[in-house]
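Report on the following structure.
The values are calculated or read from the model by the stated rules, or taken from the named source; none is laboratory data. The structure presented is a predicted model; accordingly, all values stated were derived computationally and were not measured. Neighbour counts are summed over all protein chains in view; Cβ atoms, including those assigned to glycine, are modelled from backbone coordinates with ideal geometry. Each accessible area value is taken on the protein alone, full model and side chains, heavy atoms only, with ligands, DNA and RNA left out. Shrake-Rupley method; radii C 1.70, N 1.55, O 1.52, S 1.80 Å.
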Amino acid sequence: MLEIDDLTVRFDGIEALRRLTLVVPPGARIGVIGPNGSGKTTLFNAISGLVAIAGGTIRLNGRAISHLAPHQIAASGVARTFQSVRLFQRLSVVDNVLPAVGTTRDARQAALAALDAVGLAARRDTLAGDLSFYDQRRLEIARAIAQRPRLLLADEPTAGLSQSECDHVIELIGNAFGAETAILLIEHKIAAVEALCPRSMLLSEGRLIVDAATSDMRRDPRLANVYFGTQLPL
Ligand SMILES: Nc1ncnc2c1ncn2[C@@H]1O[C@H](COP(=O)(O)OP(=O)(O)OP(=O)(O)O)[C@@H](O)[C@H]1O
Ligand SMILES: [Mg+2]
């Protein structure tokens with residue numbers, strides 16, 4: 001489904017991703033963990049066409065996508081939620097979802113179904129900027145659901161949420177996408193990764209250093225090593 005080979009991304013002097021190779025089969029659910037600055041968001045930005053790549057290839061269903069514009073990549077089935085929520089604050093809840101649906105005759109119906117899936121149908125006419133932070137996070141997920149993606153890139157969708165909100169968001173993501181949709185989840189709390197993703201990858205300084213069952217990752221000494229001096233994500 002997604003094949004990344006030897007991917008390198010550079011910003012000025014630094015290599016944010018170094019020769020990263022990764023295969024994501026259809027329907028796979030993979031956690032992406034690693035300390036601040038290890039390259040997690042850059043990986044998502046490279047896949048979704050938001051940063052230029054310095055080397056390597058990114059293929060989606062066999063087709064190279066790294067030269068495509070972000071909207072073309074989105075149209076090929078890649079949805080995304082952002083580490084800091086990105087919504088049209090001055091548009092209504094439903095109007096934030098409508099562009100993701102496309103221009104089908106039943107667009108509004110589909111947008112409302114996506115809102116219903118995250119529990120926001122009753123807030124359809126509220127301005128996005130007036131929603132609580134938790135509801136804004138859920139609205140971003142509704143927008144991704146409306147896109148019916150083959151690949152979801154969720155960048156810390158639980159950041160800033162309480163424990164119960166966090167559990168609910170992980171459950172939502174787990175239930176809202178079909179079995180054929182692959183999910184990459186960036187997440188600092190291993191328990192949350194474990195709830196959704198049987199497999200996870202550990203990044204450190206732009207390199208993929210462990211790709212393993214999430215239950216093994218917890219006990220892997222390289223995890224503690226990479227997080228040395230900072231809070232372990234357990
Ligand atoms: N647009 C950019 N321009 C310059 N440097 C960047 C840019 N985006 C990321 N970087 C740098 O690339 C490295 C990786 O950043 P990235 O945002 O991918 O980390 P991350 O793993 O998502 O961290 P966090 O957990 O804090 O979100 C960092 O050193 C960061 O400062
Ligand atoms: Mg990040």
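Quick check: from the Cα gyration tensor, does region 75-196 come out rounded (a/c under 1.5), prolate or oblate?
Working: a/c = 1.84, a/b = 1.25, b/c = 1.47.
Oblate is the answer for region 75-196, as a/c is 1.5 or above yet b/c matches or exceeds a/b.
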Note to self: Kirkwood Rh of region 116-158, Cα pairs, one decimal, Å, is 11.1 Å
Measure of exposure for Arg63: accessible area at 1.4 Å probe, Å² rounded to 10, is 130 Å²
Asserting the computed 222 nm helical MRE of the chain (DSSP H runs at least 4 long, -39500 (n - 2.57) per run, divided by residue count, to nearest 500) equals -10000 deg cm²/dmol
Computed ³J(HN,Hα) along region 171-186: with the Karplus parameters 6.51/-1.76/1.60, θ = phi - 60°, integer Hz and x for glycine or proline, the list is 5, 4, 4, x, 9, 7, 10, x, 5, 8, 7, 7, 10, 10, 10, 8
For Glu205, placing the label point 7 angstrom along Cα-to-beta-carbon and taking region 1-32, residues whose amide nitrogen sits under 20 Å are 6-21
Computed ³J(HN,Hα) along region 37-45: with the Karplus parameters 6.51/-1.76/1.60, θ = phi - 60°, integer Hz and x for glycine or proline, the list is x, 7, x, 4, 5, 4, 4, 5, 4
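For the chain, which whole percent of the accessible surface, found with a 1.4 angstrom probe, sits on carbon and sulfur atoms?
Numbers: 5360 of 10900 Å².
The C+S portion of the solvent-accessible surface of the chain is 49 percent.
Which chymotrypsin sites (Phe, Trp or Tyr not before Pro) does region 131-234 hold that lie in a coil by DSSP with at most 16 other beta carbons within 10 Å?
On the way: sites: Phe133, Tyr134, Phe177, Tyr227, Phe228; in loops: Phe177, Tyr227, Phe228.
Loop-located and lightly packed - Phe228.
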Once both label points are put 7 Å beyond Cα along the C-beta direction, the Ile14-Gln163 separation in nm becomes 3.3 nm
The rounded separation in angstrom of the Cα centers of region 51-94 and region 157-199 is 20 Å
Going residue by residue through region 4-12, the Karplus relation 6.51 cos²θ - 1.76 cosθ + 1.60 with θ = phi - 60° gives ³J(HN,Hα) values, rounded to whole Hz and with x marking Gly or Pro, of 10, 10, 6, 6, 10, 10, 10, 10, 6
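Find the accessible area per residue for region 1-50; the probe is 1.4 Å, ligands and nucleic acids are left out, and the unit is Å².
Details: 2000 Å² over 50 residues.
With the other protein chains kept in place, region 1-50 gives 40 Å² per residue.
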In whole angstrom, largest first, the equivalent ellipsoid semi-axes that the Cα gyration tensor gives for the chain are 29, 21, 16
